[in-house]
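Step one of this worksheet: look at the structure below.
Values quoted throughout were computed directly from the atomic coordinates according to the rules given, and no laboratory measurement underlies them. The shown structure was predicted, so the numbers you read here are calculated from the model rather than taken from an experiment. Using ideal geometry, Cβ is built from the backbone for each residue, glycine included, and neighbour counts are taken over all protein chains shown.
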Amino acid sequence: MITFLSGGTGTPKLLQGARQVLYDSEISVVVNTAEDIWLSGNHISPDLDTVMYLFAGILNTETWWGIRGDTFSTHRFLEMLGGEEFIAVGDKDRAVHIARANLLMDGMTLTEATDTLCRRLSIEAPILPMTDTEVMTYVETPEGPMHFQDYWVKHRGEVEIEAVVRRYDTPPAATDAVMNALEASTAVVIGPSNPVTSISPILACEGVKEALMEQFVVAVSPFIGDVPVSGPAAALMRASGMEPSSAGTYSLYKDFVDLFINDVRDPVEIDGALRIDTLMSHPSKSEALAWEILSVIRSAVQ
Ligand code: GDP
């Protein structure tokens, strides 16, 4: 089994390719939950949703969020009634958020609720929330702290950020399911997800870094030069005191990564890194990258 650590765009693109070269039952995914938010009484877990929809074959891969062909009737009608909802939630997508909220309010953990939803969506791969307790990424701005979704979706990232912080009541710990998956894996792949908002929250869960030190770990950079392929990673890296580049990404992973991959076009040199085309602009390119990663793992581990 190969375990992937995932956010909601870069690693799901790689998972799309991995699903062409591995059976779903050979893949497990540990997913960031620090961007979760309750909205209109329902529970949105953006990265879990994207990974679940990918494995269920219903993801909108134009946007990498939401369900393909979804409608937005409830969202529009709600707006007409004056209900503010800063995230455009599709009707089917909302049904998933309602179902998850109901399961959580019935007393299930997020791991149990996700497992239930995955079974209902006929998903075979274990999709595992990183932790079962609430943790939220906030950005510090000149106007005060802001939930990451507020910053990125409502304000489109057009706000100066001074720091990135995580808020929680209980320090997050990796769930037993996550620890078991990490321990049972042939290798762990940290996909090209945002190092600050997607991967750091997973690494910060108690137990994860120690488990990674015992494993063969491959990480893929989400940067080419000083710009990420997409999204706000550069501003978030700067606000976290890290260089927005593959070098900054590598510095975050260097204690446990066995093989670091950066793009063939990347001007940044990392000692010992493997250069591959990491731009997954088409499903065939995701598949090619997944093939390369798996062949490296096979020759290193078996
Ligand atoms: P989020 O949860 O939506 O922020 O998504 P992730 O954290 O999973 O992924 C965001 C990161 O994916 C960004 O920093 C992008 O630079 C990176 N990314 C997106 N597409 C690609 C790609 O095709 N190749 C590489 N190398 N990185 C990518």
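On a per residue basis, the convex hull of the C-alpha atoms belonging to the range 164-302 measures out at 115 Å³. In this structure, the pairs whose alpha-carbon distance is over 31 Å, taken from 13/209; 92/254; 154/254, are 92/254; 154/254. Under the simplified labelling scheme, the residue 291-residue 109 pair shows an inter-label distance of 3.9 nm, with each label point 7 Å from Cα along Cα→Cβ. The length gained by stretching the chain between residue 213 and residue 23 to full extension, at 0.36 nm per residue less their Cα-Cα distance, is 65.8 nm.
Students often check this: by mean Cβ neighbours within 10 Å, which of 112-125, 218-231, 81-94 ranks highest, and how do the rest follow?
218-231, 112-125, 81-94
Multiplying the residue separation of residue 121 and residue 183 by 0.36 nm and removing their Cα-Cα distance gives an extension gain of 19.7 nm.
Restricting to the chain, what percent of DSSP beta bridges are antiparallel, rounded to 5?
40 percent
Sorted on the mean count of surrounding Cβ atoms within 10 Å across their residues, most packed first, peptides 132-143, 262-273 read 132-143, 262-273. Under 1.5 on a/c is rounded, so check that first for the range 121-213, then, if it is not, pick prolate when a/b is larger than b/c and oblate when it is not; a ≥ b ≥ c are the square roots of the alpha carbon gyration tensor eigenvalues. Judged from the Cα gyration tensor, the range 121-213 comes out prolate (a/c at least 1.5, a/b above b/c). For the range 130-162 versus the range 22-54, the spacing of their alpha-carbon centroids is 18 Å. Whole-Hz Karplus values for the range 41-53 come out as x, 10, 9, 9, 10, x, 6, 4, 4, 4, 5, 4, 5 Hz, taken residue by residue from phi with 6.51 cos²θ - 1.76 cosθ + 1.60 and θ = phi - 60°; glycine and proline positions read x. Within the range 66-130, all pairs of alpha-carbon atoms sorted by distance into 5 Å bins from zero give the percentages 4, 17, 20, 21, 18, 13, 7, 2, 0.
Under a 10 Å cutoff between Cα atoms, tell me which one of 41, 248, 157 has the largest fluctuation in the Gaussian network model of the chain. Taking springs between Cα atoms under 10 Å, the residue moving most is 41. Rounded to 0.05, the FRET efficiency of the residue 86 and residue 271 pair, given R0 = 45 Å and the Cβ-Cβ distance, is 0.55. For trypsin sites (Lys or Arg not before Pro), the sites in the range 1-75 that DSSP calls loop and that have at most 14 other Cβ atoms within 10 Å are 68.
For the range 235-302, the fraction of C-alpha pairs farther apart than 18 angstrom is 48 percent.
Each 10 Å bin from zero holds the following percent of Cα-Cα pairs in the range 1-80: 17, 45, 27, 9, 1. Could you state the number of Å between the C-alpha centres of the range 205-234 and the range 70-102? Using only Cα atoms to place each centre, the spacing works out to 32 Å. Can you tell me what percent of all Cα-Cα pairs in the chain are more than 36 Å apart? Of all Cα-Cα pairs in the chain, 11 percent lie more than 36 Å apart.
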